[in-house]
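Working notes, structure below.
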Amino acid sequence: MKELIKVLIVDDEPSILMSLEFLMKKEGYQVFIARDGSEAMDIIEKEVPSIILLDIMMPNVDGYEVCYHVKNSLRFEHIKVVFLSAKNKESDMEKGYSVGADLYVTKPFSTRTLVSKVNALAINVVSGSAS
Amino acid sequence: MNSVVLIMVSLLYLAILFGIAYWAEKQSEKGKSLVTNPYIYSLSLAVYCTAWTFYGSVGRAVTNGIEFLTVFIGPTIMMPLWWIVLRKIIRICKVQRITSIADFISSRYGKNATLGVLVTLICILGVLPYIAIQLKAISSSFLIVAHSSGDQNADNLFWGDLAFYIAVVLSVFTIIFGTRKIDSTERHEGMVTAIAAESIIKLVAFLVTGFFVTYIVFDGFGDIFQKASLIPELKKTFVFNKEGDSSGWFWHILLSMSAVMFLPRQFQVAVVENVNEKHLDKAMWLFPLYMLLINIFVIPTALGGELLFANNAVNSDNYVLAIPLKFNQKILTLLTYIGGFSAATSMIIVETIALSVMISNNLVMPVVLKSKKIQEQFQGNLSGLVNNIRRTSIALVLLLAYLYYKTIAEHYSLVSIGMVSFTAVAQFTPAIIGGLFWKTGNRKGALIGLISGSVIWFYTLVLPSIVGAGFFPQSIIDHGLFGLEFLKPFSLFGLKGMDNVSHCLFWSLLCNIGCYLYFSINSPITSIEHNQAVIFVDIFQYSEQLEPSAIWRGTAYIRDIKILLSNFFGEKRSEKILRLFAQKHNLSPKNDRADPKLVGYVEKLLAGVVGTASARIMISSVSKEEKISTEEVISILKSSQELLSANKSLKKKSVELEKATSELKDANEILKRTDKLKDDFLSTVAHEIRTPLTSIRALSEIVYDNPDMEPDEREHFLGTVVKESDRLGRLINQVLDLEKYESGKQKLDKEDVDIQDIIKDVIDTLHQQVKEKSIKLIFIPDRFAPRLEADRDKLMQVVVNLLSNAIKYCEPQKGEIIIATHYVEGCIYTSVQDNGSGIDKRFQRLIFDKFFQAEDQTIKKPKGSGLGLAISKKIIELHNGQIWVESEVGSGSKFTFMIAVV
């Protein structure tokens, strides 16, 4: 089942991308990678992923914008968005949820927790698509 | 020349004068006042040069040689002092609304009416003869020109009448242009402009005649002097006399120094008619220049006349006319005649106005105002009365001058009578100069000094002149009064060896000054005297701050004041004056008692019409004044000064307070800003630290959880962990570094370094990275760049930073970096230029701020800690240098830092 679920990872830090890619592939997801917001938008248009792991501070188009775009489009609104950010203030998290995020994970994160949270979201995706 | 023609020309000239005066007044009404022009002011001062100058200088040069020049040297010496003396007098007169010299002296010494009367009498006695000789000059010049044409009827027709008619015409002119306005502080613009025009005419006329004599009749200055030097009697006229004449020069110069300021007509044009103190600047050099010009041809004309008319065939006073006549130059003769005519008329007009103001304000008005009868009769129309008094006095002055001319003046030359006038007004000098600079000078001293001085003047100069006319026995001159030898008018107390004028001046001034000093020091003064003394001496201090009424204490009713004002200004204007004053000073209009300020103001207004002494009498008549002792006056003055200075220091304090408050506000703003910056800085630092930390944690957890990883992958992951740890460590060091720079704890370890060695070392260090990206690196050193005192390691840090940034932003293969040094005017410029992506103009300043994106969250910093440039900037600034960037998006960046070689 899992290989049918597309996960898009967006971050401008190569080392973080590298670790997230490894983790998601190991869980069996179909993984896509973007290094900034605009690249992410292209992939979203093309592939329509089920889950996006999204950094906030990136050059050009930032994570908030990507999320807002996704959640305000009929085509994409079902996509689960997980923010992964070093911004850990209350106000940052509030802003993240206000643009429609499903989850807000602060950096640095525990890989195991992150994986299990993503898996939990994936179950909803699977059952959602089944019904 | 026919006498009828001559009369026509004279009348025509007077008509033109009327025209000029009328035109000037019309211009002034249109707002294009001519007297605001400093040249008009300077020219009007030349009323100093009368017919005496025009005809008499030549005459005097013939008899006394170059001594005639004293009359012009005195004023020239005096001019620079005008800035000190005359400017002060002008300021005082404006503030106190003083309109004549009599008023000035009376006002200075407690607005004393007696002093005003005395000064007026001295002026009349001293100046009437002077006016008379102007009339004489006109009629005799007329006769000379008329006779020359063989018109013997001239005698029958006009002799005895001509001067009279001239006096009548001039009095009409003077009445028309001199008494139009009753407030004599309002200026006579028409009259002044006409006088200025006359000054030009007489100068041109004299220059043309002088030129004719010198260059047409003779062959230039050299020729005349050459011919004259052959005649021993003439030779003495252009060299200094050996016979102990030097003291004469001194006295005559002194005399003219006082005359140029205190002659009533000079006071009128220089002080009363002055509209702007700054005009003095121009007058200071223009007036002496005028006098120089009008004197250039005096000696040549005198010598020429002597050479042409041997055996005294012609009176030397008339040479100016006689020479053109001899050569039958009709037009030139006419021009000269008009020149002399203008010199005489201008003097008569101004002198008469000045005298008439004194007569009406200082002689007549005080008497009128004391008489209730007259006041009742003219109730409501006192201004008309004042004007009529003034008109009558003008006519009277000219009539008296005419009579004097008929009875006495015939016997004397122009100059000797002029000198009598000069000596008369010289008597005012102690009272005026003392009054300007010496507060102790008082009424008693001035009064006794003036009386004693003028009595001596009368006895030693005037009396002998009337003896000559047959009014007194000749024995007074020969054997002294009552036969007492030491009372001989020309050698008082046996003083001999001086000319009459110097002799008179010596004795009169000696007594005058002596009495002034003695009685001033030894007699008490009243409060008003002290008040006026302080205001006069310290005028520049008080003219804007202290109302003279500060010392007035009494009761007056607005109703009475209004009646008083309406007498002179009419009801409507008076009401307006009172209303405006109340508005300006925030006085309640309902109050029926007059504010002391108002009383002082009204007194000044009235002083402008009737003189200070009369104004005082009028104010006293409507107010009940309390006596104030001198001590009280002094304490009032002191307290008002203290109040003033207390006020000033209070103001200063409140200004300081305001300044402190705003400084505090600013500081608070800065603190707030710094606080926010610090917050932003901290959260950015935290973010920057979390990013590598995230990678380190994630990667090591992965390696830990997946023992079965591919060895290659594991190696790659662990390698990244190490790299990210390095990055973390560097970041922390930089943050600490920057903190040190910002708190000022970072010190430089300076040594003698060569910037080009440093650059070479850096290139060596980064050589590997350059090679990896296949970047072309060029270094252009400046071999003239000297060594400098700097911190080697820190400079190296800067160059490393700039070069590694450049490497970072260059594309592989295509990259090109140029490092260069330039030594220009004591500064070494080091630049690092790349052909990378460039930096947007908006960010070129911001990139030197730490984490410059902190201010604008939407901008993501380029790769790097975001602290390198900030630290570089701090380092360069510690070296007292500057660092900047020039860049355009797409065409690379050029970073330059400049350090001065000390």
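Among the listed pairs B:LYS88/B:LYS604; A:LYS89/B:LYS808; B:LYS808/B:LYS873, a Cα-Cα separation exceeding 25 Å is found for A:LYS89/B:LYS808. Secondary-structure-derived ellipticity at 222 nm for chain B, considering helices only, amounts to -21500 deg cm²/dmol, per-run term -39500 (n - 2.57) for DSSP H runs with n ≥ 4. Taking 7 Å steps out from each Cα toward its Cβ at B:LYS370 and A:ASP42 produces label points 11.6 nm apart.
Dipole check for chain B: with +1 at the C-beta of Lys and Arg, -1 at the C-beta of Asp and Glu, and the Cα centre as origin, the magnitude is about 3300 Debye. Here the calculated FRET efficiency for B:GLN844 and B:GLU816, from their Cβ-Cβ distance with R0 = 30 Å, stands at 0.90, rounded to the nearest 0.05. If the segment from B:ILE732 to B:GLN474 were pulled out straight at 0.36 nm per residue, it would be longer than the present Cα-Cα gap by 80.8 nm. For chain A, the dipole from Cβ point charges (+1 on Lys and Arg, -1 on Asp and Glu) about the Cα centre works out to 480 debye, to the nearest 20. Between helix B:382-407 and chain B, what is the angle of the helix's C-alpha long axis to the longest principal axis, kept within 0 to 90° and rounded to the nearest 10? The two axes meet at around 50 degrees. Evaluated over the Cα positions of chain A, the convex hull gives a direction-averaged projected area, one quarter of its surface, of 7.3 nm². Rounded to the nearest 20, the size of the Cβ-charge dipole of the range B:750-900 about its Cα centre is 500 debye, with Lys and Arg at +1 and Asp and Glu at -1. Computed over every Cα-Cα pair of the range B:427-538 and binned at 10 Å starting from 0, the pair-distance distribution P(r) comes out as 15, 37, 24, 16, 7, 0 percent. Applying 1/(1 + (r/R0)^6) with r as the Cβ-Cβ distance of B:ILE521 and B:LYS659 and R0 = 60 angstrom yields a FRET efficiency of 0.75. Classify the range B:301-364 as rounded, prolate or oblate, taking a ≥ b ≥ c as the square roots of the eigenvalues of its Cα gyration tensor: rounded when a/c is under 1.5, otherwise prolate if a/b is larger than b/c and oblate if not. Prolate.
Near A:ASP42: Cβ cut-off under 13 Å, other residues only, Lys/Arg at +1 and Asp/Glu at -1. The net charge is -2. Modelled label positions at B:VAL172 and B:ASP793, each set 7 Å beyond Cα in the direction of Cβ, lie 10.8 nm from each other.
In whole angstrom, the range B:750-900 maps to an equivalent ellipsoid with semi-axes of 24, 19, 14, each derived as √(5λ) from the alpha carbon gyration tensor and ordered largest first. Listed by chain and number, the lysines placed with their C-alpha closer than 27 angstrom to that of B:LYS30 are B:LYS94, B:LYS181, B:LYS278, B:LYS282, B:LYS572, B:LYS576; residues fewer than eight positions away on the same chain are left out. With unit charges on the beta carbons (Lys and Arg positive, Asp and Glu negative) and the dipole taken about the Cα centre of the range B:633-743, which residue among B:PRO707, B:SER654, B:LEU682 sits farthest to the positive side? It is B:SER654, whose Cα lies furthest towards the positive end. Listed by chain and number, the lysines whose C-alpha is less than 23 Å from the C-alpha of B:LYS136, apart from same-chain residues fewer than 8 away, are B:LYS202, B:LYS326, B:LYS330, B:LYS406.
For the range B:690-709, the residues whose backbone nitrogen is under 18 Å from a point 7 Å from the Cα of A:LYS26, taken along Cα to Cβ, are B:694-709. The lysines within cross-link reach of B:LYS760, meaning a Cα-to-Cα straight distance under 18 Å and a gap of 8 or more places when in the same chain, are B:LYS771, B:LYS776, B:LYS794. For the modelled label position 7 Å from the Cα of B:ASP782 along Cα-to-Cβ, which residues of the range B:822-848 have backbone nitrogen atoms closer than 18 Å? Output list for this probe position: B:822-833. On the beta carbon distance between B:VAL455 and B:ASN315, with R0 = 35 Å, the FRET formula returns roughly 0.55. Cα-based values for chain B, radius of gyration first and Dmax second, are 45.4, 155 Å. With neighbours defined as other Cβ atoms within 10 Å of a residue's Cβ, the residues B:LYS873, B:LYS659, B:LYS88 order from fewest to most as B:LYS659, B:LYS88, B:LYS873. For B:SER872, B:SER346, A:SER98, the sequence from fewest to most other C-beta atoms within 10 Å is A:SER98, B:SER872, B:SER346.
Toward the positive end of the charge dipole of chain B, about the Cα centre and with charges on Cβ (Lys, Arg +1; Asp, Glu -1), which of B:ALA820, B:CYS93, B:LEU878 goes farthest? With unit charges placed on the Cβ atoms, the residue in question is B:CYS93.
Among B:THR684, B:THR694, B:THR440, B:THR661, a tally of other beta-carbon atoms within 10 Å of each Cβ gives an order, fewest to most, of B:THR661, B:THR440, B:THR684, B:THR694. Among the helices of chain A (complete DSSP H runs), which have Cα atoms covering no less than 24 Å along the helix axis and a Kyte-Doolittle mean of at least -0.5? Span-like helices in chain A: A:111-130. Diffusion coefficient (Stokes-Einstein, Kirkwood radius over C-alpha pairs, 25 °C, 0.890 mPa s) for the protein assembly as shown: 64 µm²/s, rounded to a whole number. Between B:ASP757 and B:TRP23, full extension at 0.36 nm per residue minus the direct alpha carbon distance yields a gain of 255.6 nm. When the charge dipole of the protein assembly as shown is built from unit charges on Cβ atoms (+1 for Lys and Arg, -1 for Asp and Glu) and taken about the Cα centre, the candidate among A:ASN72, B:ALA167, B:GLN746 whose Cα reaches farthest toward its positive end is B:ALA167. Our compactness index for the range B:3-411, the C-alpha radius of gyration over the empirical 2.2 N^0.38 Å, is 1.00. At full extension, B:THR114 and B:ASP219 could sit 31.9 nm farther apart than now, given 0.36 nm per residue minus the alpha carbon distance. Is the C-alpha gyration tensor of the range B:702-765 telling us rounded, prolate or oblate? Criteria: a/c under 1.5 is rounded; beyond that, a/b larger than b/c is prolate, otherwise oblate. Oblate is the answer for the range B:702-765, as a/c is 1.5 or above yet b/c matches or exceeds a/b.
Against chain B, whose longest principal axis is taken from its Cα atoms, helix B:279-295 shows a tilt of about 50°. Label-to-label distance for B:GLU710 and B:LYS676 is 5.1 nm, based on points extended 7 Å past Cα in the beta-carbon direction.
Rounded to two decimals, the Cα-based Rg/Rh of the range B:633-743, with Kirkwood Rh, is 1.61.
Work out, in µm²/s and without decimals, the Stokes-Einstein translational diffusion coefficient of the range B:647-694 at 25 °C, 0.890 mPa s, Rh from Kirkwood over C-alpha pairs. Result for D is 180 µm²/s.
Every number here is computed from the coordinates shown, using simple stated rules; none is lab data. Keep in mind it's a predicted model, so treat the numbers as computed, not measured. We place every Cβ from the backbone using ideal geometry, glycine too, and count neighbours over all the protein chains shown.
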